[in-house]
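Structure first, then comments.
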Amino acid sequence: MFKDTIPGLDRVFETDVEPPKVILVTGPPGSMKTSFCYSIMTNYVENTGQFGLYTTLEETVDSHLNNMESLGIDLSLNMQISDITDLREIDKIVDEDEATNYVDFLERMLRHFKEEKGDQFKVFALDSLGALYSLMEHEEDMRKKMFYFFKNLRDMDLYSFVVMERTLGGEANLLGNEGFLVDGVIMLGMDRNRGELTRYLQVEKMRACKHSMEKHALEVGENGLKVLGTVFE
């Protein structure tokens, strides 16, 4: 899954990542979280002929595609991109006083694609968990809901990427229960060295996988993302 999707990623992963996995991709604004997830997914479905679903709650589909194209990241016909407009559609069929259960809607959407695509549907992304929390800020037991949501993702045998913001310099802070509920945590950060800002990737956790825990530089070139050597502090 991972090692052949982004050039240089085999510097980080000694063994490949097998499904099902729920992977938290976290970092501060500007650390390329969305680009990283989309790059892995689009290259994966192109290489394998399988199907992926990318759900963005923070921007429109058109805005997302424009951003990816501007970074030189290829688009794939094997990827379905859904934005919050799709989630809002359910409001038309519920009472005005009844709040939309967005987790339930996401699960129904996932089941729809699983029934339609079968085992071909293999990779999913939610961008972002913070946006989902804000849409459901009045819901109770959100952590319990996420526990079962992540369980359902595993039951569907998916590679699942869940994007979550993290404050700059907060590398040592676990993200509440999310860090314990997921199978992997990939930190995308930014270091300032000799006056220059360097983006980096660091795997903090990945179950059943041999990997480096060092920081590796992440570069944005004409053809998308590339993982370089380790970052020395």
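The values are calculated or read from the model by the stated rules, or taken from the named source; none is laboratory data. Keep in mind it's a predicted model, so treat the numbers as computed, not measured. Cβ placement follows ideal geometry from the backbone for every residue including glycine, while neighbour counts extend to all protein chains displayed.
Remarks
- Subset of segment 1-44 (residues that are touching a Ser or Thr at 6+ places or on another chain (Cβ under 6 Å) and assigned to a helix (DSSP H, G or I)): Ile40, Thr42, Asn43, Tyr44
- Residues being farther than 13 Å from Leu158 by Cα, charged (D, E, K, R) and touching a residue at least 12 places away in the same chain (Cβ under 8 Å) - total across segment 99-118: 0
- Qualifying residue in segment 108-128 (condition: at pLDDT below 90, under 18 Å from the mean Cα position of the chain (by Cα) and either hydrophobic (A, V, I, L, M, F, W, C) or in a helix (DSSP H, G or I) (or both)): no
- Residue check for Val17: over 24 Å from Gly221 (Cα atoms), touching a residue at least 12 places away in the same chain (Cβ under 8 Å) and buried (at least 23 other Cβ atoms within 10 Å of the Cβ): no
- Annotation: Glu140 fulfils all but one of (1) surrounded by 17 or more Cβ atoms within 10 Å (Cβ to Cβ); (2) at pLDDT below 90; (3) not in a helix (DSSP H, G or I); the unmet one is (1).
- Residue that is farthest from the chain's Cα centre (by Cα), among those in segment 153-189 that are at pLDDT below 90, farther than 29 Å from His112 by Cβ and not in a loop (DSSP other than H, G, I, E, B): Phe180
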